[in-house]
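Heads up, the thing below is written out as structure tokens.
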Amino acid sequence: MKKIFFNKLSIKNFLSVGDTPVVLKFRPGLHGITGINKDQMDRRNGVGKSTITDALHFALFGTTLRELKKEFIINNITSKTCEVTLSFSVAASNKNVETYEIIRTLEPSRCTLYHNDLDITRDSIANTTDYIMQVLQCTPEVFQNCVVMTVNNTVPFMAKKKAEKRKFIESIFNLEIFSKMLSQLREEQSTVRKDFDTESARSEEIENSINTLTAQQTTQHKEYEDRKKTLLNRQRDNDRQAESLEKSINNYKPVSVEEITKNLTKLTEKLSETDTKIQDLGKQVATLETKNELVFTSMSKIGTDKDVCPTCLRTIDTHDITHIRHTKQEYEKEIKLRETEIKDYEAKISELSTLKTKIQDAVKKGQNNINHSKLSDQQLVNDKSKLAQLKKLNEQVNQDLQHLTDTSTGLTNLIEDAKAKFTAAKEKLDNLQKVLNLLDTVKFIVSEEGVKSFIVKKILKLFNSKITYYLKKLNSNAVISFNEYFEEQIVNDKGKLTTYFNFSGAERKVIDLAIMFSFIDMLSLQGNIYYNIQFYDELLDTSLDEAGVDLVLNLLNEFVAKNMYGVYVITHRKECTRFVTGNMICLEKCNGITTLTKSGIS
């Protein structure tokens, strides 16, 4: 038998526990856990008693019994790193005792596992948690029904759905292997069935292929001749095109563009010079025209032919009139000279513009000659490329002709190969059918109706006797038994068949406790596993009267005496303290922080 001894639990910044650790050392005996809420002196709730069971569950599985989100697990007053440390030891038959320590934290989220003081933490928190469950041989479901029992967070076994009951009982009786085997067989059967269907489709496909190939063989000769004729005609067309391209390539005469380029350079320079001269002459014309405009302006201001000045109304004498006329004549003479000069310049500009046009035409012609030469060169490249392509096409034609021959001679071989594949596929189908028949037989053996049913019947005899024993110890008026399909039958004190929910709350509580105690025994006997501690969180605070509580506590003390359990009862009922054989663990909550105060009755 594998024995698990939980030794020590340290809680820090977890739920209501603050930066001062709450440390519990687990010892044999019936212990009580109570507390004082100094924040609400008239209440005993909210002290943090259930925090101990939550912390134990968190250390092992990374979650709380209340399934709180991680951000609500960390103490919201201290807001420091949450840390829960659990040490335990494992003793197996004929082996030394091995020690383990789990350190699980939040902010940062970590799970560290030590084995005999060596760090054996896995590559992830999830994998480390899975390894812890392997070491303990315990799942959260088993833990919540056989180690930590709480009225607020655990659905009673009898109130669970049928599938949940079956899963839990199988884990207690170590029967998961049959479910796993059945699941694996179903997966394997599904895989083989898919292979069978695939091979069936493949066999049918091969058969269709044989029929198709046979039909092709009938028409192949005509297709062969038609195709061969088409390919030979294509080959002749390619040869004619290639011959024409070779002539064009041989007749190609390269044109040197070097002289044309030099001449273009000179023409471009001359064109630039001509533009410069035209611009210079244009500037001179503009200058002369501006001067004439200034003279015209001056003429308009120097006087008039009338005897009276139009501006000052003064009489103009004969001498002034003669002088004004003479000045105007001089201005007119000067304007005419400039106009003559402007005409000369404009004539030169016209000549230069004509020259510019001729130069531009020569440049354009030279550029056209260069472009034509480039096109000719490119045409040569294109012809060579097309000639090479035609040669490749002819090579492909030759390959196609050879392929036709190979196809003609290879079709018979294809038909023979297909027939061989069809024979092999049929043989594989027969083998797969044999495997499917075998899997059907094995699946029945490990199913509910097979060997599993036989084993369960043997186990259930003991399990049902355990339930009967505990129901009697607790003065229950019910008789409960399970069949090999884990379906329960309940008979009341009148000898009538009934259901779990027909009983009162107190009666159901007795049934829950009797089944729970039976599971604990079966876990040790059938599961071959022993856990040294049990927690009962407020299980005795509801439904049961004083007599019922006395019966349960007497039974718990029997467990302690017989199995050396460390039983911890979280309760508000003062009468429970007189049954305590171990410590009274007192918690105190002040300013929202829970601390461990002392041992003794508070």
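Laid out as a table, the results:
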| read-out | value |
| --- | --- |
| Beta bridges by DSSP in the chain, antiparallel share as percent, to the nearest 5 | 65 |
| Inter-probe distance in nm under a simple model that places probes 7 Å from Cα toward Cβ, at Thr214 and Thr139 | 5.8 |
| Alpha-carbon centroids, the range 16-41 and the range 531-586: separation in whole Å | 16 |
| Accessible carbon and sulfur surface of the chain relative to its total accessible area, %, 1.4 Å | 51 |
| Nearest-10 value in Å² for the accessible area of Ser272, using the 1.4 Å probe | 70 |
| Size descriptor, Kirkwood hydrodynamic radius, that averages inverse alpha-carbon separations across the range 1-154, Å | 16.4 |
| CD proxy at 222 nm, helix term only [per DSSP H run n ≥ 4: -39500 (n - 2.57); per residue of the chain; nearest 500] | -21500 deg cm²/dmol |
| Long-range HN-HN contacts of Thr121 with modeled amide H, under 5 Å | Leu113 |
| Loop-located trypsin sites (Lys or Arg not before Pro) in the range 482-568, at most 14 other Cβ atoms within 10 Å (DSSP) | Lys494, Lys496 |
| By accessible area with a 1.4 Å probe, ligands and nucleic acids excluded, highest first: order of Met564, Met181 | Met564, Met181 |
| Long-range HN-HN contacts of Thr150 with modeled amide H, under 5 Å | Asp537 |
| The chain: relative contact order as a whole-number percent, Cα under 8 Å and 6+ apart | 28 |
| Length released on extending from Lys348 to Val442, taking residue separation times 0.36 nm less the Cα-Cα span | 22.2 nm |
| Note, ³J(HN,Hα) from phi for the range 321-337, Karplus 6.51, -1.76, 1.60, rounded to Hz, x at Gly and Pro | 5, 4, 5, 5, 5, 5, 5, 4, 4, 5, 4, 5, 5, 5, 4, 4, 4 |
| Charge-dipole axis of the range 460-602 as Lys and Arg at +1 and Asp and Glu at -1 on Cβ define it, positive-most pick from Met522, Tyr565, Gln489 | Tyr565 |
| Spin-label pair Lys253/Ser504, simplified geometry with 7 Å Cα→Cβ offset, distance in nm | 12.9 |
| Magnitude of the charge dipole, the chain, Cβ model with Lys/Arg +1 and Asp/Glu -1, debye to 20 | 1380 |
| Alpha-carbon Rg/Rh ratio, for the chain, with Rh computed the Kirkwood way | 1.50 |
| Estimated vicinal HN-Hα couplings, Hz - the range 105-117 in sequence order (Karplus 6.51, -1.76, 1.60; Gly, Pro = x) | 10, 10, 6, x, 7, 8, 9, 10, 10, 10, 10, 6, 6 |
| Size of charge dipole - the range 64-147 - debye, nearest 20, with Cβ of Lys, Arg +1 and Asp, Glu -1, no other charges | 180 |
| Long-range amide H partners of Gln534 with built H, under 5 Å | Gly566, Val567, Tyr568 |
| Radius of gyration and maximum dimension Dmax of the range 320-434, Cα, Å | 46.5, 144 |
| For the range 285-298, Karplus couplings with θ = phi - 60° (6.51, -1.76, 1.60), whole Hz, Gly/Pro x | 4, 4, 5, 5, 5, 5, 5, 5, 5, 5, 5, 4, 5, 5 |
| Anisotropy class of the range 1-84 from Cα gyration tensor, a/c 1.5 cut | oblate |
| Computed E for Ser79/Lys25 - FRET, C-beta separation, R0 30 angstrom, nearest 0.05 | 0.60 |
| Accessible area in the full protein assembly, largest first, 1.4 Å probe, for His403, His31 | His403, His31 |
| Paramagnetic reach from Val435 in the range 182-213 [backbone N under 11 Å; point 7 Å along Cα→Cβ] | 188-197, 199 |
| Phe463 accessible area, assembled protein chains, probe 1.4 Å, Å² | 0 |
| Protein-only accessible surface order, largest first, of Val456, Val381 at 1.4 Å | Val381, Val456 |
| Three-way shape label, the range 60-140, alpha-carbon gyration tensor, a/c 1.5 | prolate |
| Along the chain, longest interval not containing exposed GluC sites (Glu not before Pro), exposed being DSSP loop plus at most 13 other Cβ atoms within 10 Å | 68-448 |
| Accessible surface, the range 20-121, averaged per residue in Å² (probe 1.4 Å) | 51 |
| Area of Ile593 that stays accessible when all protein chains are in place (1.4 Å probe, Å², to 10) | 40 |
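The values are calculated or read from the model by the stated rules, or taken from the named source; none is laboratory data. Computed from a predicted model, the values in this text were never measured in an experiment. So basically every Cβ, Gly included, is an ideal-geometry build from the backbone, and we count neighbours across all protein chains shown. With ligands, DNA and RNA removed, areas are computed over all heavy atoms of the protein, side chains included. Shrake-Rupley method; radii C 1.70, N 1.55, O 1.52, S 1.80 Å.
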